[in-house]
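Enquirer: Attaching a single structure in structure tokens format; questions to follow.
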Amino acid sequence: MFTNRFQRVVKSAATVTVLAVALAACGGASASNDTAGTPVEGGTLTFYDPVDYAAWKPTNSLWSNSQVSNNLAERLIWQDPETGEYRPWLAQSYQISDDHLTYTFTLKPGVTFSDGTALTAGVVKANFDQHGIGDPQMGITADPFWTDYAGTDVIDDQTVVVKLSKPNAGFIQILSNYRASSILGQSLLDRDLNGQSDLRNWVGTGPFVVESVNGTSGVTLVRRDDYNWAPEGSGHSGRAYLERIVFKTVPEAGTRVGALQSGEAQVARNIAPYDEETVSAGGGVLLPISVQGETNDLTLQLKDPEAPTQDKRVRLALQAATDRTEINQTVLSPNYPVPSSALVQGTPLRGDASSYLTYNLDKAKSLLDEAGWKPGADGVREKDGKRLAFQLRVAPYYQVSQSVLEVVQSQWRKAGVDVTLTRPSLTEYESQLASAPDWYFTQGQTSTAEPSVLRTSYGSDRQNGTKNYQKDDKLDQLLAAQSSAFDPNERKAAIQAIEDHIFAEGYSIPLYDETQVFGLAPSVHGFATESTGRSWFYDTWVSQ
């Protein structure tokens, strides 16, 4: 059960204001719709996003992409964003075997893809095989979310059995995850990776379909009139209220806020902390969504055997030199909680890592002294003729990245560590991420409302987050152990053991709990997200 209920369907502007206050007070709330009135059918909603759209492959979790794709493709299971409970969606029902190795799904009858073809067990199997096994000839690699996949059996057109080689306590959440288990039509699956990465080819079962794509800066979706299989708990049945959604990328934060005030846009993502009051003062509604999963952090990259960060004392010194409270109070807002774990507040079974994350500049200096890094003439530490200097790159995916890293740059300088801050474009950033020899830190997080996200992120056979040239067998063992723990108390202890290891080794420097802050025009009603902050427009409508 979730303790954080930010993702509650928002019924009206007035209710959202109450919601934000309640969340600040107690960390959870629910919404009602006393004043919203009768939903209006039709109309166009314009959504402004700061980040360009990139390759549309189904597993792309880019924030801008997933605000769109979540309305095109659906899953067998819906994870209720308020309660964390799992409910059948494209599946009518499901059963899990006692040994947790087989998952039997009966598909909901009458579901069709946007090309008119039916949802069948065969299509489900084709989707899961591409995720679980990959298809090298088509350029499709196995999905790191799919652990120990043993195949899918088609029993009949409406029944599939998914098999695992080992129990996985987080598997049902994977089947509800937008980037790991969205079911797409066979015509898309028959295409190679390049074909699947063209949004115009997407064929899904969602309430909207693609009407047009404008390069990397715009997408227009139009409603499916024959849609009638919304997840249980939705506000209505049948087709979506909105007739059309126009997504545009607008990098300038002030322009997005101005568009909300002028009525040019009805929803804007990533409202900057310094603009939050402006949105509210202008009559708009501020909606902070706490994104469950990993905190936004600097993950150490350990692929270079000669890097200064190979010395654990250096990693722990950087941890101690990072003052997260100052980051929050200087450039963020109360909507971005100070992290105390590897997982965001509200993520089930998260551990407590607060003892590892205490700011202690004296400790940082002492650790660097011990590691042989002594202050030079300008205060930057040196060892064997080399300066203790790093480059940090502003991550283009996060609106607050630059301001946060500027604070980190200042904090680490106090410990004698020199940081050069650069701001590459999205294309440059991804290119450097792949090959730059001086890439020692990656800012980011993986969002999944399940603690097994740590296995996906850190497992050496998964995303291998640290890129450690020396495999950490103990970490892999800990990550695997939590997958086989189905008792909540045992699993919580297993998650804590993982966090203890991650922070004792200095693999992660948390910066803030990941939050998506949406600005809504007062005319917007029923705006909601799925369990990790991706827009879900099925119940959304715009008043006149």
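Enquirer: Can you pull out the GluC sites (Glu not before Pro) in region 254-334 whose DSSP state is coil and whose Cβ has at most 13 other Cβ atoms within 10 Å? Intermediate values should be presented prior to the final figure.
Expert: Numbers: sites: GLU264, GLU276, GLU277, GLU294, GLU306, GLU326; in loops: GLU264, GLU306.
Hits after loop and neighbour filter: GLU306.
Enquirer: Can you count the Lys pairs in region 32-185 with C-alpha separation below 24 Å, eight or more apart or on different chains?
Expert: Pairs that pass both the separation and distance tests number 5.
Enquirer: Okay, next question. Give the Rg/Rh ratio for region 209-276, taking Rg as the radius of gyration of the Cα atoms and Rh as the Kirkwood radius, to two decimals.
Expert: Details: Rg = 15.1 Å, Rh = 14.2 Å.
Taking Rg over the Kirkwood Rh, I get 1.06.
Enquirer: Further question on the same structure: For ALA436 paired with ASP148, estimate the spin-label separation in nm (one decimal), with each label point 7 Å from Cα along the Cα-to-Cβ line.
Expert: Once both label points are built, they end up 3.8 nm from each other.
Enquirer: Next question, about the same structure. Given the Cα-Cα distance of GLN470 and GLN310 and 0.36 nm per residue of separation, how much length would full extension add, in nm?
Expert: Difference between extended and current length: 56.6 nm.
Enquirer: Separation of region 458-531 and region 53-82 by C-alpha centroid, Å?
Expert: 19
Enquirer: So if I take the alpha carbon set of region 288-342, get Rg, then get Rh from the Kirkwood formula, what is the Rg over Rh ratio?
Expert: Over the Cα atoms of region 288-342, Rg/Rh equals 1.05.
Enquirer: Further question on the same structure: Which distance in nm do the two modelled labels at SER93 and GLU490 give, with both placed 7 Å along the Cα-to-Cβ direction?
Expert: 2.9
Enquirer: Based only on Cα atoms, what Rg/Rh ratio does region 72-131 have, Rh being taken as Kirkwood's radius?
Expert: 0.99
Enquirer: Shape verdict for region 403-544, please, from the Cα gyration tensor: rounded (a/c under 1.5), prolate (a/b greater than b/c) or oblate.
Expert: Numbers: a/c = 2.08, a/b = 1.19, b/c = 1.75.
Oblate.
Enquirer: I need the semi-axes of the equivalent ellipsoid of region 460-544: take the C-alpha gyration tensor, multiply each eigenvalue by 5, square-root it, list largest first in whole angstrom.
Expert: Working from the Cα gyration tensor, I get semi-axes of 39, 17, 12 Å.
Enquirer: Return the sequence-ordered ³J(HN,Hα) values of region 240-248 in whole Hz as given by the Karplus equation 6.51 cos²θ - 1.76 cosθ + 1.60 applied to θ = phi - 60°, using x for Gly and Pro.
Expert: 5, 6, 5, 7, 8, 10, 10, 9, 9
Enquirer: Here's something else I'd like to know. State whether region 333-469 is rounded, prolate or oblate according to the following rule on the C-alpha gyration tensor (a ≥ b ≥ c being the square roots of its eigenvalues): a/c under 1.5 gives rounded; otherwise a/b larger than b/c gives prolate, and the remaining case gives oblate.
Expert: Here region 333-469 falls in the prolate category.
Enquirer: Mind checking the log10 I(q)/I(0) for region 224-338 at q = 0.15, 0.18 Å⁻¹? Debye, one equal scatterer per Cα, no solvent, two decimals.
Expert: -0.93, -1.06
Enquirer: Further question: Under 15 Å from the Cβ of GLY282, count the other residues' Cβ atoms, weight Lys and Arg +1, Asp and Glu -1, and hand me the total.
Expert: Working: positive: ARG256; negative: GLU264, ASP275, GLU276, GLU277.
Local net charge: -3.
Enquirer: Classify region 83-174 as rounded, prolate or oblate, taking a ≥ b ≥ c as the square roots of the eigenvalues of its Cα gyration tensor: rounded when a/c is under 1.5, otherwise prolate if a/b is larger than b/c and oblate if not.
Expert: Working: a/c = 1.61, a/b = 1.05, b/c = 1.53.
Here region 83-174 falls in the oblate category.
Enquirer: Here's something else I'd like to know. Determine, from the Cβ-Cβ distance of GLU41 and ARG413 and an R0 of 35 Å, the FRET efficiency 1/(1 + (r/R0)^6), rounded to the nearest 0.05.
Expert: So, using R0 = 35 Å, E works out to roughly 0.05.
Enquirer: Return the sequence-ordered ³J(HN,Hα) values of region 46-58 in whole Hz as given by the Karplus equation 6.51 cos²θ - 1.76 cosθ + 1.60 applied to θ = phi - 60°, using x for Gly and Pro.
Expert: 9, 10, 9, 10, x, 10, 4, 7, 10, 3, 8, 4, x
Enquirer: Here's something else I'd like to know. Find which of ALA169, VAL407, ALA126 sits farthest along the positive direction of the dipole of the chain, computed with +1 on the beta-carbon of Lys and Arg, -1 on that of Asp and Glu, about the Cα centre.
Expert: VAL407
Enquirer: Let me ask another. Direction-averaged shadow area of the convex hull around the Cα atoms of the chain, nm²? Walk me through the numbers on the way to the answer.
Expert: Values: hull surface 94.8 nm².
It is 23.7 nm².
Enquirer: Here is a follow-up. If the cut-off is a Cα-Cα distance under 18 Å, which lysines reach LYS467, setting aside same-chain residues fewer than 8 apart in sequence?
Expert: List returned: LYS303, LYS312.
Enquirer: Hey, with R₀ at 35 Å, roughly what FRET efficiency would LEU361 and SER165 work out to, going by the Cβ-Cβ distance, to 0.05?
Expert: On the way: r = 48 Å, r/R0 = 1.38.
The calculated FRET efficiency here is 0.15.
Enquirer: I would also like to ask the following. Of all accessible surface on region 134-200 at a 1.4 Å probe, what whole percent is carbon and sulfur?
Expert: Exposed carbon and sulfur together represent 46 percent of the surface.
Enquirer: What Kirkwood radius, in Å to one decimal, follows from the Cα pairs of region 353-431?
Expert: The answer is 14.1 Å.
Enquirer: Please give the Cα centre distance for region 189-238 versus region 341-419, rounded to the nearest Å.
Expert: 42
Enquirer: Here's something else I'd like to know. Calculate what fraction, in whole %, of the accessible area of region 348-394 sits on carbon and sulfur atoms when a 1.4 Å probe is rolled over the protein chains.
Expert: 46
Enquirer: To the nearest 0.05, how large is the calculated FRET efficiency for GLU428 and GLU211 if R₀ is 35 Å and r is the Cβ-Cβ distance?
Expert: Working from the Cβ atoms, E equals 0.65.
Enquirer: Once you treat every alpha carbon in region 136-199 as an equal point and sum by Debye, what is log10 I(q)/I(0) at q = 0.15, 0.26, 0.28 Å⁻¹?
Expert: -0.60, -1.31, -1.32
Enquirer: Follow-up question, since we're still on this one. Roughly how many nanometres apart are two label points built 7 Å out from the Cα toward the Cβ at GLU264 and LYS383?
Expert: The modelled label-to-label distance comes out at 5.2 nm.
The values are calculated or read from the model by the stated rules, or taken from the named source; none is laboratory data. Only a predicted model underlies this, so the values are computations on that prediction, with no experimental measurement involved. Heads up, the Cβs are rebuilt from the backbone with ideal geometry, glycines too, and the neighbour counts pull from every protein chain shown. The accessibility values were calculated without ligands, DNA or RNA, using every heavy atom of the protein model including side chains. Shrake-Rupley method; radii C 1.70, N 1.55, O 1.52, S 1.80 Å.
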